[in-house]
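K.L.:
Before we start, here is the structure in question, set down as structure tokens.
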Amino acid sequence: MSTHGPILVIKFGGNAMTSPELFTSFAQDITSLREQGFRVVISHGGGPQISEMLSRLNIQSEFVGGLRVTTAEIASVVATVLSGEVQRTLVTALNTNKVPAVGVSGEDAKVFTSTRLVDQEFDLGLVGTVALINPKLIHVLLDNGYIPVVSPVSSTHDGESLNVNADTAAGSLAGALGAQRLILMTDVDGVFAAYPDPESLLSEMTLDQVCELLPSVTEGMIPKLESAVHALRSGCESVQIINGSTEHSLIKALSTNRNIGTVITP
């Protein structure tokens, strides 16, 4: 394990948290990456878990452009699920598998400071975007051999809690940390030129190609590609979008002799 190696930021999504087997294989992959000298930061979401809790509470929600329209009631549920249920489950699973993980909220030490996201066509409510990042706490944890597990829960300068998309938060974090790679784990095999045609899977893309494709992709892929664009423009060296719903997808994606998912470079 190195405290000076390249940084990987891995967005571990709610769809990849669907079974104990996936948790175990993910933890094993993280251990392997650390042994290879990578310093790993995990940025997590929890969309399915949030939707399940809202359903249980009989609270309706909708999505616009891949973002959840967020009332004050929904914002409270989002914060509780992400920094409570989802993060604790992930940190416990990692520590159980001998991965020294530490849960961090975007509000801790002001890792994320957010501003309200304004949509000219639709009122998204309490939806935010990352305006400022203070990565000092993340560096302290990395330098001492820990793996930060960061939730996207954050607030404005004035303390207003906002719902920040997990992909958006991961991209901002990867850029600020100058990561060698941002890996976005999702439930599809990568970026498709004509989804869902499997023959249209794009194994490699440039930043310009991503910007050209953005207007035509499905809603769920919009935040991921926008995150990739932001990360690359902010200092991250490359982005890879992979299917995290199969065991050991992470270590397979980073093996030099495999071509998995979509790799995006400047």
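Computed from the coordinates by the stated procedures, all read-outs in this text should not be read as laboratory data. Quick caveat, the model's predicted, so the values are computed rather than measured. Don't worry about glycine lacking a Cβ; one is built from the backbone with ideal geometry, like all the others, and counts go over all protein chains shown.
K.L.:
What trypsin sites (Lys or Arg not before Pro) in segment 179-266 are in a loop by DSSP, with at most 15 other Cβ atoms within 10 Å of the Cβ? Walk me through the intermediate numbers first.
P.N.:
Values: sites: Arg181, Lys224, Arg233, Lys252, Arg258; in loops: Arg258.
Taking segment 179-266 and a limit of 15 other Cβ atoms within 10 Å, the loop trypsin sites (Lys or Arg not before Pro) found are Arg258.
K.L.:
Expressed in nm to one decimal, what extension gain is obtained for the pair Lys110 and Leu57 from 0.36 nm per residue of sequence separation less their Cα-Cα distance?
P.N.:
Details: separation 53, 0.36 × 53 = 19.08 nm, distance 3.02 nm.
Between Lys110 and Leu57, full extension yields an extra 16.1 nm.
K.L.:
Taking amide H atoms as placed 1.01 Å from N in the peptide plane, list the residues 5 or more away in sequence, or in a different chain, whose amide H sits under 5 Å from that of Leu184.
P.N.:
HN-HN under 5 Å from Leu184: Lys11, Gln240, Ile241, Ile242.
K.L.:
Need one number: nm distance between label points at Glu73 and Asp197, each 7 Å from Cα along Cα→Cβ, rounded to one decimal.
P.N.:
4.4
K.L.:
Also: Give the calculated FRET efficiency between Gln180 and Val102 to the nearest 0.05, with a Förster radius of 25 Å applied to their Cβ-Cβ distance. Let's see the in-between values first.
P.N.:
Values: r = 21 Å, r/R0 = 0.85.
Efficiency, rounded to the nearest 0.05: 0.75.
K.L.:
In segment 90-203, how does Rg compare with the Kirkwood Rh, expressed as the Rg/Rh ratio over alpha carbon atoms?
P.N.:
On the way: Rg = 16.6 Å, Rh = 16.0 Å.
In segment 90-203, Rg relative to Rh is 1.04.
K.L.:
Write down, largest first, the equivalent ellipsoid semi-axes of segment 75-117 in whole Å, where each equals the square root of 5 times an eigenvalue of the alpha-carbon gyration tensor.
P.N.:
On the way: eigenvalues 110, 35, 7 Å².
Working through the eigenvalues yields semi-axes of 23, 13, 6 Å.
K.L.:
Between His248 and Asn144, 0.36 nm times their residue separation minus their Cα-Cα distance comes to what?
P.N.:
Separation in residues times 0.36 nm, less the Cα-Cα distance, equals 34.8 nm.
K.L.:
If r is the Cβ-Cβ distance from Asn95 to His4 and R0 is 25 Å, what FRET efficiency results, to the nearest 0.05?
P.N.:
Values: r = 24 Å, r/R0 = 0.94.
Efficiency at R0 = 25 Å is approximately 0.60.
K.L.:
Among 211-221, 93-103, what's the highest-first ranking by average C-beta atoms within 10 angstrom per residue? Present the calculation step by step, with values, prior to reporting the outcome.
P.N.:
On the way: 211-221: 13.5, 93-103: 16.9.
Per-residue Cβ counts within 10 Å, averaged per peptide and sorted highest first, yield 93-103, 211-221.
K.L.:
Measuring from the lowest to the highest alpha carbon on each principal axis, how far does the chain reach, largest first, in angstroms?
P.N.:
Rounded to whole Å, the extents work out to 45, 42, 33 Å.
K.L.:
Check each of the GluC sites (Glu not before Pro) in segment 1-101 and keep only those in coil by DSSP with at most 11 other C-beta atoms within 10 angstrom; list them in order. Don't jump to the answer; show the numbers that get you there.
P.N.:
Details: sites: Glu21, Glu35, Glu52, Glu62, Glu73, Glu85; in loops: Glu62.
Passing both the DSSP loop test and the Cβ count: Glu62.
K.L.:
Quick check on packing: order 238-248, 197-207 by the mean number of other C-beta atoms within 10 Å, highest mean leading.
P.N.:
Values: 238-248: 21.0, 197-207: 12.9.
My ranking of the peptides, most packed first, is 238-248, 197-207.
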